[in-house]
1. Could you give me the residue pairs with C-beta distances under 7 Å whose first residue belongs to segment 98-121 and is free of Cβ contacts under 8 Å to residues at least 12 places away in the same chain, whose second residue is surrounded by fewer than 18 Cβ atoms within 10 Å (Cβ to Cβ) wherever it lies, and which are 6+ apart or on separate chains?
2. If you scan segment 472-489, which residues turn out to be assigned to a loop (DSSP other than H, G, I, E, B) and polar (S, T, N, Q)?
3. Name the residue, out of Ala169, Ala226, Ala211, that is in contact (Cβ under 8 Å) with a residue 60 or more places away in the chain and either over 30 Å from Asp110 (Cα atoms) or of a type in the set (A, V, I, L, M) (or both).
4. Which condition breaks for Leu294 when tested against (1) aliphatic (A, V, I, L, M); (2) open to solvent by 60 Å² or more (accessible area, probe 1.4 Å); (3) closer than 16 Å to Asn265 by Cβ?
5. Can you pull out the strands (runs of 3 or more DSSP E) entirely within segment 300-377 that have at least 3 residues that are modelled with pLDDT under 95?
6. Among the numbered criteria (1) open to solvent by 10 Å² or more (accessible area, probe 1.4 Å); (2) hydrophobic (A, V, I, L, M, F, W, C); (3) touching a Pro at 6+ places or on another chain (Cβ under 8 Å), which single criterion is violated by Ala182?
7. In the list Leu403, Leu413, which residue meets the criterion of being assigned to a loop (DSSP other than H, G, I, E, B), modelled with pLDDT of 95 or more, within 15 Å of the ligand (Cβ to nearest atom) and more than 19 Å from the chain's Cα centre (by Cα)?
Amino acid sequence: MFLRASLALLLSLTGLGVPTHTRLQAPVSLGSVVPVPVSTTPTPGVTFEITANTAIFVEPGSAQIGCYLAGILRPSTGFPAVVYLATGVGISLLLSGAPASAGAEGYQLDITATSITIRANQAAGLFHGVQTLRQLLPVTAESTTVQPGPWLVPGGQIVDYPRFSYRGAMLDVARHFFPVPAIKRYVDQIVLYKVNHLHLHLSDDQGWRIAIDSWPRLASYGGATAVGGDPGGYYTKADYTEIVNYAVIRHLTIVPEIDMPGHTNAALASYAKLNCNGVAPARYTGMKVGFSSLCVGLELTYTFIDNVIGELAALTRGPYLHIGGDEASSTSAADYATFVNRVQGIVAAHGKTVIGFHDVLNATELPSTVAQFWWTTTANATVAQAAGRGTKIIMSPANKTYLDMKYRNSTRLGLKWAGLIEVQTAYEWNPGAHVAGVGESSVLGVEAPLWSETIRTSNDIEYLAFPRLPALMELAWSPASSHNWEAFRQRLAAQGPRWQVMGVDFYPSPQIGWPTP
Ligand code: TNX
């Protein structure tokens, strides 16, 4: 290490320049992490080098995360990265010794010349610490093929924990269907920015995407369509379980959503008997909203919901079940309240906590119900009153967090109804003071929804999510006091080369000074 450093120094002093591969492999800066950590203390001049002899030392509670880290290191370094259930000198993942301030999801990361140690109170904290370490590795560590190295990590200490406990991404798999590999790919990309919930919008007018044994036509018939006549699809229960388990290992909670009473044309088309007039509508492949409603006065509606929620709750590992509730413009206000009140009871009877778009506050929310604010206004009396009663709010203001909004008029993908959202627009707001009367302690967190009317592929997802999703997750994770656009854009710029190695198709925003390759 010393030899290589002095060679580089000699070459630069003599004006010969540093050989390209050496320059590429200089350690990244300890200060380049997104979301920015609570505290970062570099140790100048100190680096840790991962070599063929570097082992990972774990305890029973951190073994899975050790294997996950080894799985990241092995393909690019070509090193064995052996995981030992023991103590030793190398990379250690410890469930002891973290400061109390780290809480349930925080960690302390220490990098010296001889060791890397991550300490946390719970496994989730170790996992987030590993994501920080992942960002401190040379960008080529993300490669799926063996790269030359050296594998230098900058020395110092990071102590870190989240501002909000709910840090979410949402993917609409109903307007267009995304198969299991696309979901896993997105999961791997978003956990790098400490996302801990992935909300899947599993049903809408244009498609029903989850197999329900007691109502099989929902998926087989209602799942066969998508926006624009594109191919549909649905998750079998085995597929869905595969997603849930993949997420569990990555400390990510899947939040399933069945949108109701509106956004239900696919279900109504699949079963004539669910319709008030007993006639099934045609399946729908357009982009309009607000025209469908479950039949609130029909008892079978609640049997249907009980069956669907029961089967979905049985597949769900996390506490939440999202009932949508948005844009129910074909349901009367009285029917809407009756319906939402009854459905909350069904969800509770299956042991789950309701999340609903903030429209559900027009009913009588249970004390445990979480409301997801999605409008573009910053004053909303209904939401403020609910917050005053102690209801927790997830912040998804459409003009800040909707990843399906275009960056600029010329953006190939996306919609514009909530405005254009450049990176700075996504970054410049405060989730803890955005809606009047909804203060920091009422906010459960931030979610970035990606509606899929205009998107079909993983590349499309990535182009709209990156770089806005990392910007939003910095608001959700990092302390409000660290909020600084200039500093953020520097750190974000360093992510560009990493996304290139990962094959992430990001939007090269002109607001960011991306390094030239
Ligand atoms: C509004 S946001 C919707 C969705 C659309 C989205 C498109 C919300 C709760 N409902 O049905 O897909 O706009 O941006």
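The values are calculated or read from the model by the stated rules, or taken from the named source; none is laboratory data. Just so we're clear, the structure is a prediction, and the values are computed from it rather than from any experiment. A quick note on method: Cβ atoms are made from the backbone with ideal geometry, for glycine too, and the neighbour counts reach across all protein chains shown. The accessibility values were calculated without ligands, DNA or RNA, using every heavy atom of the protein model including side chains. Shrake-Rupley method; radii C 1.70, N 1.55, O 1.52, S 1.80 Å.
1. none
2. Of everything in segment 472-489, those that are assigned to a loop (DSSP other than H, G, I, E, B) and polar (S, T, N, Q) turn out to be Ser478, Asn484.
3. Ala169
4. Of everything listed in (1) aliphatic (A, V, I, L, M); (2) open to solvent by 60 Å² or more (accessible area, probe 1.4 Å); (3) closer than 16 Å to Asn265 by Cβ, Leu294 misses just condition (2).
5. It comes to none.
6. Status for Ala182: all satisfied but (3).
7. Leu413
Okay, residues lined up against (1) modelled with pLDDT of 95 or more; (2) touching a helix residue (DSSP H, G or I) at 6+ places or on another chain (Cβ under 8 Å); (3) within 16 Å of the ligand (Cβ to nearest atom):
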position	(1), (2), (3)
Tyr407	yes, yes, yes
Glu440	yes, yes, no
Asn459	yes, no, no
Leu472	yes, yes, yes
Ala480	yes, yes, no
His483	yes, yes, no
